[in-house]
Amino acid sequence: MGSELIQIMLANQPGPPAGARSFSGAAGEAASFASGGLLNERIMTNEAYGAQATPGLTRAHRPSLPVATAGALKTFYVETFGCQMNVHDSEKVQGLLLARGMTPVEDLTQADLVLYNTCSIREKAAQKVFSRLGAIRKTTTGTVKAIGVLGCVAQQEGERFFERAPQVSLVCGSASYSLLPQLLDQLEAGKPRVTGLALDTEECFETEMTRRDNPFRAYLTIIEGCDQRCSFCVVPMTRGPQRSRPSGNILAEARRVADQGYTEIQLLGQIVNAWHDPSPAGLSFAELLVRVAEVPGIRRVRFTTSHPRYFTSDIVQAIDANPNLCDQVHLPLQSGSTPVLARMLRGYTREEYLEKIHDLRKARRAISLSTDIIVGFCGETRKDFEQTLSLIEEVEYDQVFSFKYSPRPNTRAEGRGDDIEEEEKGRRLTELQEIQRQIQVRRNQALLGRSFEVLVEAYQARLGQAVGRSTTNRVINFPGGPQDVGRYLTVKVTSAGPNSLVAVRV
Ligand code: SAM
């Protein structure tokens with residue numbers, strides 16, 4: 001399927017930030033610890049829907065866990081499921097724990113506190129945490145003093161979590177993360193169960209310290225929550241109301257990560273381009289993009305996820321005007337059929353979406369486009385689905401993340417029934433993915449002989465291959481060594497598959 005996790009080996013390389021975790025403090029101080037040898041890590045693509053555990057711990061040696069009673073919580077282990085927003089939330093949560101004097105461990109069995117940061121965007125994603133907790137339930141004695149559940153499933157299930165998984169002692173949604181230090185104090189003081197479940201906040205989650213896991217790309221949240229009411233989507237119920245961070249805070253953080261050696265920033269938000277500046281500076285989203293791209297040391301700026309409704313032409317003009325703004329846009333379509341889009345409450349028609357694409361195609365640099373699509377939404381007819389197929393053939397995206405519709409609790413679509421059979425959803429998904437695969441082969445083949453600047457993100461020792469990423473977000477493999485990791489190099493494409501390119505250095 002379109003969504004793709006690339007499991008790669010990241011080599012240590014001299015100098016921050018590659019091969020080291022960076023701990024950034026508000027004053028700009030940076031400490032780092034080398035992870036020792038190769039760091040086994042997942043590089044997330046636009047949407048990554050797997051789990052990301054503390055590097056070094058693989059599924060194979062993730063043990064069943066015994067749970068003891070709480071006391072002093074000195075060490076922690078965090079496992080993250082879901083999108084980049086979750087990954088970055090976990091980075092900030094870990095910053096809070098570090099600021100509290102706690103120490104990260106790479107072996108779950110050495111952790112006093114285990115936190116699972118969960119995703120509930122689809123039923124399958126939500127189930128993952130329960131299988132992890134099932135493993136813990138199997139044993140009765142041991143070292144782990146407290147288990148906490150964070151994120152969207154925590155918010156969705158609330159106190160019910162304690163009934164479903166009695167070994168859990170902390171349940172906290174993303175809108176309450178700033179309360180985590182207090183909640184942990186309460187656990188240490190002997191309170192058996194604590195929750196942070198309020199959603200009515202107007203504040204963003206600001207941290208003094210962030211523990212960044214990705215050594216190349218610094219995630220930076222600019223807007224939290226979501227006020228859209230897409231009828232299929234659980235996010236507004238799990239992440240609370242939309243709230244934008246002031247531009248001053250965002251730019252100060254951008255300068256801090258640049259000072260630590262990061263050259264690439266990815267701005268994050270559920271609807272990233274709905275950002276508006278709550279401060280008197282009153283920047284527009286496009287102006288913010290330019291200001292971040294102008295931070296000394298920053299060479300690449302990406303942003304995700306954009307909503308077509310807020311995708312205005314000044315964003316394209318900003319990309320045109322500033323080469324540090326990557327020529328890559330992820331613009332979720334969901335469906336190519338206007339009646340389905342109306343039932344999804346997306347706020348645009350097929351024709352309006354195509355107008356945005358037309359605007360993007362007029363940009364001076366060829367902007368690489370990707371999208372999200374849901375197949376088998378309630379009432380989707382074969383004709384509706386064919387509208388989606390015809391749209392993807394017309395647009396020719398470079399990447400499509402496609403999903404079978406999964407009814408979610410408390411969404412407007414939940415009550416409408418889930419009337420497309422699973423087998424039919426599966427058939428539609430396969431058909432769409434095959435068409436998209438052919439488009440990607442065609443588009444990638446057209447790049448043969450072209451040169452790209454890549455930021456080298458990994459070295460695969462077994463294959464003797466370096467793995468780089470272009471500004472258009474294409475993964476390019478080429479012969480290289482561990483010393484290339486973290487460098488910007490120019491490579492020329494020699495062969496192309498649907499999901500990646502092979503190149504030689506020029
Ligand atoms: N906030 C973004 C937006 O609205 O464009 C998307 C965020 S969501 C984490 C990523 C993708 O998951 C969505 O674009 C959609 O394609 C998919 N998704 C969301 N809810 C879904 C559901 N109930 N069933 C299947 N896919 C879903």
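Please treat every number below as a calculation from the coordinates, not as lab data. A quick note: this is a predicted structure, and the numbers were derived from the prediction, not measured. No Cβ is skipped: glycine too gets one built from the backbone with ideal geometry, and neighbour counts run over all protein chains shown.
A compact table of results
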read-out	value
Efficiency of FRET from Cβ geometry, residue 229 and residue 178, R₀ 30 Å, rounded to 0.05	0.70
Gain in span if fully extended, residue 504 to residue 430, counting 0.36 nm per residue against the direct Cα distance	23.3 nm
Difference of contour (0.36 nm per residue) and Cα-Cα distance, residue 279 to residue 495	72.9 nm
Label point distance in nm, residue 313-residue 160, each placed 7 Å from Cα along Cα→Cβ	4.8 nm
Approximate spin-label separation residue 200-residue 410, in nm, with each point projected 7 Å along Cα-to-Cβ	1.4 nm
Segment residue 442-residue 249, length gained on full extension (0.36 nm per residue, minus Cα span)	65.2 nm
Nearest-0.05 FRET efficiency for residue 191 and residue 107, computed from C-beta distance (R0 30 Å)	0.65
Under Karplus coefficients 6.51, -1.76 and 1.60, residue-wise ³J(HN,Hα) of the stretch 312-326 in Hz, glycine/proline x	9, 5, 5, 5, 5, 4, 5, 4, 4, 7, 10, x, 6, 7, 4
Within the stretch 150-193, backbone nitrogen closer than 17 Å to the virtual label 7 Å beyond the Cα of residue 123 toward Cβ	153, 157
In order through the stretch 159-168: 3J(HN,Hα) via Karplus (6.51 cos²θ - 1.76 cosθ + 1.60), integer Hz, x for Gly, Pro	5, 4, 4, 5, 6, 6, 9, x, 6, 7
Residue 321 paired with residue 451, simple spin-label distance in nm, labels 7 Å along Cα-to-beta-carbon	2.9 nm
Rounded FRET efficiency, nearest 0.05, which uses the C-beta distance separating residue 382 from residue 422 and R0 of 22 Å	0.85
Cα gyration tensor category, rounded, prolate or oblate, for the stretch 289-389 with a/c compared to 1.5	prolate
For peptides 345-356, 364-375, 146-157, 417-428, sequence by mean Cβ density within 10 Å, most packed first	146-157, 364-375, 345-356, 417-428
Too-long pairs where the Cα-Cα distance tops 23 Å, listed order kept, from 128/404; 383/404; 124/356	124/356
